[in-house]
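The values are calculated or read from the model by the stated rules, or taken from the named source; none is laboratory data. Not measured: the values here are computed from a predicted model. Ideal geometry is used to build each Cβ from the backbone, glycine not excepted, and the neighbour counts take in all protein chains shown. Quick note on the areas: whole protein, heavy atoms, side chains included, nothing else; ligands and nucleic acids left out. Shrake-Rupley method; radii C 1.70, N 1.55, O 1.52, S 1.80 Å.
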Amino acid sequence: MKEVDFLPDKMLCTPSLQLLQSWYAQSLMEIVEFQEKNPDDGKVLSNFTEALVNIRNRHNNVIPTMAQGVIEYKESFGVDPVTNQNVQYFLDRFYMSRISIRMLINQHTLIFEGSRNPAHPKHIGSIDPNCDVVEVVKDACESSKMLCDQYYLASPEVIIKQVNAKAVGQPLHIVYVPSHLYHMLFELFKNAMRATVETHESCPSLPPIEVMVSLGDEDLTIKMLDRGGGVPLRKIDRLFSYMYSTAPRPVMDNSSNAPLAGFGYGLPISRLYAKYFQGDLQLYSMEGYGTSAVIYLKALSTESVERLPVFNKSAWRHYQTSIEADDWCMPSKEPKKLGKYNVKV
């Protein structure tokens, strides 16, 4: 949370950011209480696990609360390029740290509470050492189709194909966290189905969504292709931006003062889940036709190590960077004058 101080002062003063910082301060104090206690004491371990569960529950609304703070700031003060750059940089690092913290908490509580899901007896905490990727794809697909049918009374067919280059004809298994993969796929399926239905609402039938899953020596790749009309190139980056969300303002829950849903943060958060274990998520769109979404994961568990932000001089310098004058221009336009000095020739 040290980096939060580099956000604009007016953003830090919003009610949502104040609430957020109070959660983190309280959680830190609760964790520090166990610093000098004996970890071999069963009672201490039980109390520590209980404290972790309480902390996890307290932070359930961190993402929408932070998003609400961004909205409050934008509505009051607008957005400039430097603030947009710094907020994007901070939130990517902030949410990545949150993914890691929740991963650690889930691992500890699942293992030390002794609770085990009977449907997945071989899971090590939340990690599946033999994750069936295609089954997770199907689960996310069915959940998305159900939502699409409820909202639009129709949903496109999904065609799933798989290629195992390491063992031809065998299922695609990797060591992974199924809930992370499901989160990414569910978001992509929702977007693909909505775009497909809305683009072809006047057509007698809907074009299918095609999914290809491929396992190689280094990568497990999932490609999802829809025919939902695509988006122009200039808007691709905005789909991953926290400051340029086009989602409607969400409904507020007065009991917790935290918004419930509707911020359009699905894609940037999904990309962080992919990057957490050295993967990635990319979009390639053809305006007028459709969009291909590609998830890259590491095929080898030895390469699936955490990718975490660190606060050092490099990070500090990033927050001090300003947007310089544009040194490229188009013949019909003047370059943007964002620099400190203007040189006349």
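When Ile160, Ile174 are checked against the criterion of being among the β-branched types (Val, Ile, Thr) and in contact (Cβ under 8 Å) with a residue 60 or more places away in the chain, Ile174 stands alone in meeting it. In the set (1) assigned to a helix (DSSP H, G or I); (2) in contact with a Cys (Cβ under 8 Å, 6 or more places away or on another chain), the condition left unmet by Phe186 is number (2). Inside segment 223-245, residues that are farther than 30 Å from Gln85 by Cβ and of a type in the set (Val, Ile, Thr) make up a count of 0.
For segment 217-242, the set of residues classified as closer than 21 Å to Cys148 by Cβ and open to solvent by 70 Å² or more (accessible area, probe 1.4 Å) consists of Lys223, Arg227, listed by residue number. In segment 270-306, the residue that is surrounded by the fewest Cβ atoms within 10 Å (Cβ to Cβ) out of those that are at pLDDT below 95 and either basic (Lys, Arg) or part of a helix (DSSP H, G or I) (or both) is Thr302. Considering only residues in segment 190-211 that are open to solvent by less than 60 Å² (accessible area, probe 1.4 Å) and under 20 Å from Val163 (Cβ atoms), the one that is nearest to the chain's Cα centre (by Cα) turns out to be Val211. Within segment 262-309, the residues that satisfy the criterion of being under 11 Å from the mean Cα position of the chain (by Cα) and among the hydrophobic types (A, V, I, L, M, F, W, C) are Leu267, Ile269, Leu272, Ala274, Leu281.
Residues considered: Val87, Val82. Of these, the only one that is open to solvent by 20 Å² or more (accessible area, probe 1.4 Å) and out of contact with any Gly (no Cβ under 9 Å at 6 or more places or on another chain) is Val82.
Residues in segment 116-123: is at least one modelled with pLDDT of 95 or more and of a type outside the set (Ser, Thr, Tyr)? Full working, then the answer.
Filtering segment 116-123 for residues modelled with pLDDT of 95 or more gives none.
Within segment 116-123, none of the residues are modelled with pLDDT of 95 or more and of a type outside the set (Ser, Thr, Tyr).
Contact annotation: residue pairs with Cβ atoms under 7 Å, 6 or more positions apart or on different chains, pairing a residue in segment 181-192 that is closer than 20 Å to Ser304 by Cβ with a partner that is in a helix (DSSP H, G or I) and open to solvent by 10 Å² or more (accessible area, probe 1.4 Å), are Leu181/Val136; Tyr182/Val136; Tyr182/Asp139; His183/Tyr273; Met184/Tyr273; Leu185/Val136.
From the list Tyr182, Tyr151, Tyr176, the lone residue that is surrounded by 18 or more Cβ atoms within 10 Å (Cβ to Cβ) and among the hydroxyl-bearing types (Ser, Thr, Tyr) is Tyr176.
More than 18 Å from Tyr273 (Cβ to Cβ), in a strand (DSSP E or B) and open to solvent by 70 Å² or more (accessible area, probe 1.4 Å): does that describe Gln162?
Numbers: more than 18 Å from Tyr273 (Cβ to Cβ): yes; in a strand (DSSP E or B): yes; open to solvent by 70 Å² or more (accessible area, probe 1.4 Å): yes.
Answer is yes for this residue.
Suppose the filter is part of a loop (DSSP other than H, G, I, E, B) and open to solvent by 10 Å² or more (accessible area, probe 1.4 Å); does Ser214 pass it?
In short, no.
Only residues that are modelled with pLDDT of 95 or more and over 18 Å from Ser27 (Cβ atoms) were counted in segment 40-58, giving 0. The set of residues in segment 222-241 being basic (Lys, Arg) and over 29 Å from Ala165 (Cβ atoms) consists of Arg234, Lys235, Arg238.
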